[in-house]
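Chemist: One structure coming up, written as structure tokens, with questions to follow.
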Amino acid sequence: MKGRIVILASSSALSLIVISCVTINRVVFAPPEIPGATFVGSASCKECHAEIVRDFKTADHARLQAKGDNATDMGCESCHGPGSIHNQSGGAYHTIVNPGKSPEACFQCHLDKRSQFNLPSHHPVLEGKMSCSDCHNPHKGRATKGGGHQLASEHETCAKCHQAQGGSFVFEHEAVREGCTTCHEPHGTVNAKMLVSRNANLCLKCHFQQQTAGGGVVIGGREHAGLTGFLSRGTCWSAGCHEAVHGSQIGTSLRY
Amino acid sequence: MKTRSQAKIGSRKVLNAGMLAGAWVACVVSVGAAETAPAKVSDSKNASPDDAAIGDRLEYNNWLEMSAGGYFQSGDRAQFQRGRNTRRGAFGGVEDFHWETPIKKRGLFKVDGRAIFDNHDYSLKLEVAHPETGYLRFGYREFRSYYDGSGGFFPRNRQWISLYDESLQVDRGEFWFEGGLTLPERPQFTFRYSHQFRDGKKDSTSWGDSGLIGIAGQRGIVPTFLRLDEKRDIFEADGKHTLGNTDLGLGIRLDWSDINNSRNIRRRPGEALVPPVDHFVTQRDVVETDLFNVHASTETRLNDQLLLTSGYSYTRIDTAVSGSRIYGADYDGVFDPGRTGAGSGFIGLLGDSETDQYVMNLNLMFTPWDDFTIVPSLRVERQDQDARDSFRETAGALGNFVSNTRERGLLDVMQGLEARYTGWRNWSLYARSEWLEGQGTLRELRVATAPIPPSPLPIFRDTDSSRFTQKYAVGANWYPLKRANFAWQYYYKSRENDYTHNTDSTFAGNDRYPAFLRAQDFDTHDVNLRVTLRPCSRVTLVSRYDFQLSTVDTQGGIGPAGIALGKVQSAEMTSHILSQSATWSPLGWLYFQGNITYALDQTDTPAVDLKSAGTYLVLPAQNDYWNGSLAAGFALDDKTDLQAQYNYYRADNFWDNSAASQPYGAGAESHGVTLALIRQITKSLRWTWKYGFFDSRDQTSGGNNNYQAHLVYSSVQYRF
């Protein structure tokens with residue numbers, strides 16, 4: 001039975017290929033290409049997008065630009081696709097790749113991010129509810145919004161949407177100040193809440209533990225081990241002991 | 001640091017190298033095939049139905065796309081909705097709408113919209129714009145996100161506790177309008193008002209505990225959910241003007257937010273013990289925040305070689321908090337002294353805080369030669385924060401009245417230097433370094449007053465901290481051929497945090513953070529390499545490798561034996577990500593696209609050696625996975641396309657250590673297949689039909705989160 005299905009499927013596919021081969025006189029394109037368009041260079045983009053082209057030399061992505069015949073395509077069109085039709089049409093819709101609406105252009109180089117957005121816990125970029133440009137600025141300055149020498153910090157970029165996690169708290173979690181990426185991978189992970197680790201190691205990597213005689217584990221001065229101890233209940237926060245992982249109004253141990 | 005899992009990683013590396021080599025061989029074979037394929041130029045006047053002919057694309061500026069479909073699903077509904085980010089059942093409406101019409105000479109009026117019933121997926125945007133006058137825009141957007149509110153699975157006795165409908169959802173939305181006055185050669189003004197909201201329920205990973213696990217003790221496996229009610233209003237106004245060779249910017253931002261969220265926990269459900277241990281716990285967090293920000297910037301082109309930019313920002317944040325953590329007979333119940341059991345909560349929380357933040361930055365972009373650029377940068381931030389609150393503890397009955405005060409200050413100075421060189425033909429070289437020096441102070445006072453004396457001693461901490469961060473990055477882009485380019489980057493980052501505890505009255509045996517840490521050093525090495533090859537016009541291959549190694553060295557305070565602790569390596573984190581993509585168009589009417597990623601990721605701490613009940617108490621945290629997709633596009637006839645896609649995901653990190661603790665490692669596999677038929681009926685009318693099948697199996701939940709689903713979908717697009 002299985003063999004018959006394979007033969008039937010193969011015959012159907014072959015028939016389709018033969019029919020298409022002799023009847024089709026057109027081209028299908030793998031996204032994000034622009035049918036019929038050719039590269040015209042960044043200078044022509046300047047006519048309408050003068051400020052973007054002017055500022056681009058300050059962008060992290062400007063590092064892609066080099067002098068030489070082999071690198072001529074590494075301007076605006078390396079992300080936006082060949083611009084001849086967009087140019088001729090005076091900027092008509094659907095004649096240029098817009099990475100702000102589809103991440104496909106970004107994924108051409110950032111392959112690892114494509115897979116991370118396909119993991120069980122991820123920001124909804126592939127679903128079209130967010131775009132790469134919500135957190136990244138490809139045209140000017142640093143590629144990541146916030147952090148480095150920018151006025152805004154990395155933490156503020158995340159708190160723009162995740163305000164409840166941003167605080168203010170009477171008792172802060174120091175890790176939040178170091179940056180949300182200490183505990184979260186914002187593109188996506190195999191773990192719930194985009195956590196970089198799902199078990200107690202997430203906390204223990206900074207919250208140094210001391211192993212004492214008799215199998216004891218002391219964390220922050222308190223015993224946590226044992227068959228019925230705190231560590232056996234599960235992860236520091238999943239076991240219901242340290243719920244206030246972003247900060248607490250109540251106490252320094254961030255219990256709630 | 002040696003762990004028992006290193007052998008596993010080692011064997012996977014060999015396997016991975018073999019698979020990568022296999023992928024390359026396949027690609028090379030594909031390349032050869034492509035080169036013998038009949039040549040069809042890409043500037044054909046006919047395109048796929050999806051894109052129509054170029055002339056058609058320019059002829060129609062407006063479109064309306066209507067769609068209808070449905071997901072038919074079996075298995076766990078909540079996990080399906082979370083995984084596919086859509087609801088089960090039928091949906092339909094306006095997929096995409098765009099209409100525009102010119103106003104006077106160069107003006108334009110545009111309407112964009114989307115409304116999918118009943119996925120709560122709506123948007124509307126209106127715009128009137130004139131390039132030499134300004135613009136007015138109005139918009140509304142709302143969409144729903146789906147969550148699975150289930151708890152944890154305990155393999156030892158296959159315990160899986162379900163308390164409520166776990167198909168949770170949160171609606172997010174925004175109403176906004178903005179305007180701008182953009183007269184040429186005049187100061188430009190823009191403003192924007194936005195009202196944002198979040199409303200609904202989502203899952204929490206802070207699970208309640210259960211003793212129904214077949215062995216002694218408890219595990220945190222009982223589902224918990226969050227109830228969100230967040231509102232926010234933001235007003236921004238900015239002005240910009242060019243004076244000579246300087247662009248000046250000045251703006252303000254006012255931000256009011258109102259958060260009324262709760263965490264809803266159930267502890268020990270179904271356990272009939274005396275005294276009772278089955279409790280509902282509701283923690284309510286109410287936060288009202290007022291933010292005022294003023295910012296200014298300058299950009300001065302001193303000459304063709306020098307660009308000086310500067311920025312300044314002052315932010316004031318005032319926050320008022322209130323809330324409670326109540327043990328009761330139901331979620332959001334009233335405080336019941338008889339139900340607190342082993343837990344503790346609080347009532348009557350009232351507090352406030354003030355934060356002042358000052359930031360300035362300065363960048364000088366200097367291009368002494370056409371192919372060399374250097375950018376020194378400086379950033380200074382000062383932050384002062386005062387916070388205080390008070391509440392009454394509950395532990396069996398009304399407990400201590402507690403008041404907390406905290407003062408925090410920090411000063412960070414960051415310097416940077418970046419250089420780029422493009423003097424070698426087809427090469428781009430760059431380097432960047434950053435140094436941050438920071439000083440901080442933290443003073444905390446906790447005073448508890450007992451209903452019946454004596455009261456506990458106050459806790460006072462006074463800590464000075466310093467941190468020093470260094471980051472060095474170097475990279476190169478090389479274009480040896482038109483059809484080949486290489487990108488490589490390496491960075492090293494180190495951060496040293498030191499804490500001096502001038503005063504710490506925390507008594508021994510108690511939770512001693514944050515005064516416990518004396519020093520913490522973080523080191524990271526990160527390298528990535530990307531190779532892009534276009535061996536012929538029909539084939540594109542991109543390979544990428546990302547590697548990261550991080551360590552954390554920590555020094556604590558006084559150990560249990562009263563001896564000062566030395567510095568130890570408290571963590572080692574290793575990550576390898578290998579990715580490959582390939583696009584191949586063997587014939588003009590056929591293309592294939594494939595992507596595959598394999599990741600090896602592990603976090604180890606000294607705790608992974610701990611054993612209890614004959615097994616490991618804390619397992620190495622592994623995030624290994626396979627992820628891949630294969631797509632094909634095929635022209636059936638002059639008006640019809642067939643598109644097929646397959647997606648695959650697999651994680652194999654589940655290790656049952658339930659005898660000692662709760663296992664969390666991700667063990668899952670999912671497959672998705674979609675088949676789409678696209679028919680260009682007329683020049684302006686396109687019909688799409690799609691079928692999809694999705695299968696997801698989850699070992700971590702003991703199969704309780706497995707699902708299968710079928711998608712049937714159709715849409716019609718009309719361009720006009």
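The values are calculated or read from the model by the stated rules, or taken from the named source; none is laboratory data. Since the structure is predicted, the reported quantities are computational estimates derived from the model, not experimental observations. Cβ sites come from the backbone with ideal geometry, for glycine too, and all protein chains shown count toward neighbours. When the accessible area is computed, the model is the full protein with side chains, heavy atoms only, and any ligands, DNA or RNA have been set aside. Shrake-Rupley method; radii C 1.70, N 1.55, O 1.52, S 1.80 Å.
Chemist: Any chance you could count how many residues in segment A:207-229 are open to solvent by 40 Å² or more (accessible area, probe 1.4 Å) and more than 9 Å from chain B (Cβ to nearest Cβ)?
Modeler: The number of residues fulfilling the criteria is 2.
Chemist: Kindly check whether there is at least one residue in segment B:98-120 that is surrounded by 18 or more Cβ atoms within 10 Å (Cβ to Cβ), within 11 Å of another protein chain (Cβ to nearest Cβ) and of a type in the set (Asp, Glu).
Modeler: Looking for residues that are surrounded by 18 or more Cβ atoms within 10 Å (Cβ to Cβ), within 11 Å of another protein chain (Cβ to nearest Cβ) and of a type in the set (Asp, Glu), one finds none in segment B:98-120, hence no.
Chemist: For segment B:629-640, name all the residues that are within 8 Å of chain A (Cβ to nearest Cβ) and either open to solvent by 10 Å² or more (accessible area, probe 1.4 Å) or modelled with pLDDT of 95 or more (or both).
Modeler: Initial filter on segment B:629-640 (within 8 Å of chain A (Cβ to nearest Cβ)): B:629, B:631, B:633-638.
Matches in segment B:629-640: B:Ser629, B:Ala631, B:Phe634, B:Leu636, B:Asp637, B:Asp638.
Chemist: Is at least one residue of segment A:75-93 more than 19 Å from B:Pro131 (Cβ to Cβ) and acidic (Asp, Glu)?
Modeler: So far as segment A:75-93 goes, yes, one or more of its residues are more than 19 Å from B:Pro131 (Cβ to Cβ) and acidic (Asp, Glu).
Chemist: So how many residues does segment B:78-93 have that are free of Cβ contacts under 8 Å to residues at least 40 places away in the same chain and open to solvent by less than 40 Å² (accessible area, probe 1.4 Å)?
Modeler: Final tally of qualifying residues: 4.
Chemist: Name the residues in segment A:172-206 that are part of a loop (DSSP other than H, G, I, E, B) and surrounded by 24 or more Cβ atoms within 10 Å (Cβ to Cβ), would you?
Modeler: A:Val190, A:Asn191, A:Ser197, A:Arg198, A:Asn199, A:Ala200, A:Lys205, listed by residue number.
Condition check ((1) surrounded by fewer than 16 Cβ atoms within 10 Å (Cβ to Cβ); (2) basic (Lys, Arg)) across all residues:
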residue	(1), (2)
B:Val294	yes, no
B:Asn303	yes, no
B:Leu307	no, no
B:Gly311	no, no
B:Asp318	yes, no
B:Arg325	no, yes
B:Ala329	yes, no
B:Gly333	yes, no
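Chemist: Select from segment B:505-547 the residues that are small (Gly, Ala, Ser), out of contact with any Asp or Glu (no Cβ under 9 Å at 6 or more places or on another chain) and modelled with pLDDT under 90 and list them in ascending order.
Modeler: The answer is B:Ser505, B:Ala508, B:Ser537.
Chemist: Take segment A:155-191 and flag every residue that is of a type in the set (A, V, I, L, M), out of contact with any Pro (no Cβ under 8 Å at 6 or more places or on another chain) and over 16 Å from A:Leu254 (Cα atoms). Before the answer, list the steps.
Modeler: Start the filter on segment A:155-191 by keeping residues that are of a type in the set (A, V, I, L, M), which leaves A:159, A:164, A:170, A:175-176, A:190.
Now narrow it down to the ones that are out of contact with any Pro (no Cβ under 8 Å at 6 or more places or on another chain): A:159, A:164, A:170, A:175-176.
Matches in segment A:155-191: A:Ala159 only.
Chemist: Can you give me the number of residues within segment A:1-14 that are at pLDDT below 70 and either within 40 Å of the chain's Cα centre (by Cα) or open to solvent by less than 60 Å² (accessible area, probe 1.4 Å) (or both)?
Modeler: Within segment A:1-14, residues that are at pLDDT below 70 and either within 40 Å of the chain's Cα centre (by Cα) or open to solvent by less than 60 Å² (accessible area, probe 1.4 Å) (or both) number 2.
Chemist: With segment B:639-704 as the region, which strands (runs of 3 or more DSSP E) entirely inside it contain at least 2 residues that are of a type in the set (Gly, Ala, Ser) and under 19 Å from B:Gly83 (Cα atoms)?
Modeler: Strands (runs of 3 or more DSSP E) meeting the threshold: B:667-680, B:685-698.
Chemist: Same structure, new question: Could you list, in sequence order, the residues of segment A:38-70 that are more than 8 Å from chain B (Cβ to nearest Cβ), outside any helix (DSSP H, G or I) and within 18 Å of A:Thr95 (Cβ to Cβ)?
Modeler: A:Phe39, A:Val40, A:Gly41, A:Cys48, A:His49
Chemist: Then there is this: Answer yes if at least one residue in segment B:609-627 is surrounded by fewer than 19 Cβ atoms within 10 Å (Cβ to Cβ) and modelled with pLDDT of 95 or more, and no otherwise. Before the answer, list the steps.
Modeler: Of segment B:609-627, the ones surrounded by fewer than 19 Cβ atoms within 10 Å (Cβ to Cβ) are B:609, B:611, B:613-615, B:626.
Next, from what is left, pick out any that are modelled with pLDDT of 95 or more: B:626.
Yes, there is a match, as at least one residue in segment B:609-627 is surrounded by fewer than 19 Cβ atoms within 10 Å (Cβ to Cβ) and modelled with pLDDT of 95 or more.
Chemist: Among the residues of segment B:472-492, are any open to solvent by 30 Å² or more (accessible area, probe 1.4 Å), within 12 Å of chain A (Cβ to nearest Cβ), under 22 Å from A:Ala175 (Cα atoms) and in a strand (DSSP E or B)?
Modeler: So in segment B:472-492, the residues open to solvent by 30 Å² or more (accessible area, probe 1.4 Å) come out as B:472, B:474, B:478, B:480-483, B:486, B:488-492.
Still in the list and also within 12 Å of chain A (Cβ to nearest Cβ): B:474, B:478, B:480-483, B:486, B:488-489.
Narrowing further to those that are under 22 Å from A:Ala175 (Cα atoms): none.
No; the residues of segment B:472-492 include none that is open to solvent by 30 Å² or more (accessible area, probe 1.4 Å), within 12 Å of chain A (Cβ to nearest Cβ), under 22 Å from A:Ala175 (Cα atoms) and in a strand (DSSP E or B).
Chemist: Same structure again: Consider A:Ser248 carefully, then state whether it is under 19 Å from B:Thr205 (Cα atoms), hydroxyl-bearing (Ser, Thr, Tyr) and open to solvent by 10 Å² or more (accessible area, probe 1.4 Å).
Modeler: Working: under 19 Å from B:Thr205 (Cα atoms): yes; hydroxyl-bearing (Ser, Thr, Tyr): yes; open to solvent by 10 Å² or more (accessible area, probe 1.4 Å): no.
Spelling it out, it is not the case that A:Ser248 is under 19 Å from B:Thr205 (Cα atoms), hydroxyl-bearing (Ser, Thr, Tyr) and open to solvent by 10 Å² or more (accessible area, probe 1.4 Å).
Chemist: Could you tell me which residue of segment B:208-225 is farthest from B:Asn704 (Cα to Cα), considering only residues that are in contact with a Lys or Arg (Cβ under 7 Å, 6 or more places away or on another chain) and facing chain A (nearest Cβ under 7 Å)?
Modeler: B:Gln218
Chemist: Further question: Taking the condition of being more than 10 Å from chain A (Cβ to nearest Cβ) and over 30 Å from B:Trp160 (Cα atoms), how many residues in segment B:180-207 meet it?
Modeler: Counting residues in segment B:180-207 that are more than 10 Å from chain A (Cβ to nearest Cβ) and over 30 Å from B:Trp160 (Cα atoms) gives 17.
Chemist: Can you find, within segment A:91-124, the residue that is most open to solvent (accessible area, probe 1.4 Å) among those that are without any contact (Cβ under 8 Å) to a residue 60 or more places away in the chain, more than 9 Å from chain B (Cβ to nearest Cβ) and out of contact with any Leu (no Cβ under 9 Å at 6 or more places or on another chain)?
Modeler: It comes out as A:Lys101.
Chemist: If we scan segment B:169-177, do we find a residue that is part of a strand (DSSP E or B), of a type in the set (Phe, Trp, Tyr) and open to solvent by less than 60 Å² (accessible area, probe 1.4 Å)?
Modeler: Here is the first cut: in segment B:169-177, the residues part of a strand (DSSP E or B) are B:169-177.
Next cut, of a type in the set (Phe, Trp, Tyr) only: B:175-177.
Now narrow it down to the ones that are open to solvent by less than 60 Å² (accessible area, probe 1.4 Å): B:176.
Yes, segment B:169-177 contains a residue that is part of a strand (DSSP E or B), of a type in the set (Phe, Trp, Tyr) and open to solvent by less than 60 Å² (accessible area, probe 1.4 Å).
Chemist: Just to check your reading of the model, which residue among B:Asp203, B:Asp229, B:Asp165 is under 27 Å from the mean Cα position of the chain (by Cα) and open to solvent by 70 Å² or more (accessible area, probe 1.4 Å)?
Modeler: Selected residue: B:Asp165, the only one of B:Asp203, B:Asp229, B:Asp165 that is under 27 Å from the mean Cα position of the chain (by Cα) and open to solvent by 70 Å² or more (accessible area, probe 1.4 Å).
Chemist: Also: Going through B:Thr605, B:Thr597 one at a time, which residue ends up being at pLDDT 95 or above, closer than 30 Å to B:Ala571 by Cβ, in contact with a helix residue (DSSP H, G or I) (Cβ under 6 Å, 6 or more places away or on another chain) and open to solvent by less than 10 Å² (accessible area, probe 1.4 Å)?
Modeler: On the way: B:Thr605 fails: at pLDDT 95 or above.
Every option except B:Thr597 fails the conditions.
Chemist: Another question, if that's okay. Of (1) facing another protein chain (nearest Cβ under 7 Å); (2) in a strand (DSSP E or B); (3) over 22 Å from the mean Cα position of the chain (by Cα); (4) not β-branched (Val, Ile, Thr), B:Ala607 satisfies all except one. Which?
Modeler: The one condition B:Ala607 does not meet is (2).
Chemist: With the requirement that a residue be over 20 Å from B:Val321 (Cα atoms) and buried (at least 17 other Cβ atoms within 10 Å of the Cβ), what does segment B:248-263 give you?
Modeler: B:Gly251, B:Arg253
Chemist: While we're looking at this one, here's another question. Would you check which residues across segment B:562-589 are open to solvent by 40 Å² or more (accessible area, probe 1.4 Å) and out of contact with any Ser or Thr (no Cβ under 9 Å at 6 or more places or on another chain) and list them?
Modeler: B:Gly562, B:Ile563, B:Ala564, B:Gly566, listed by residue number.
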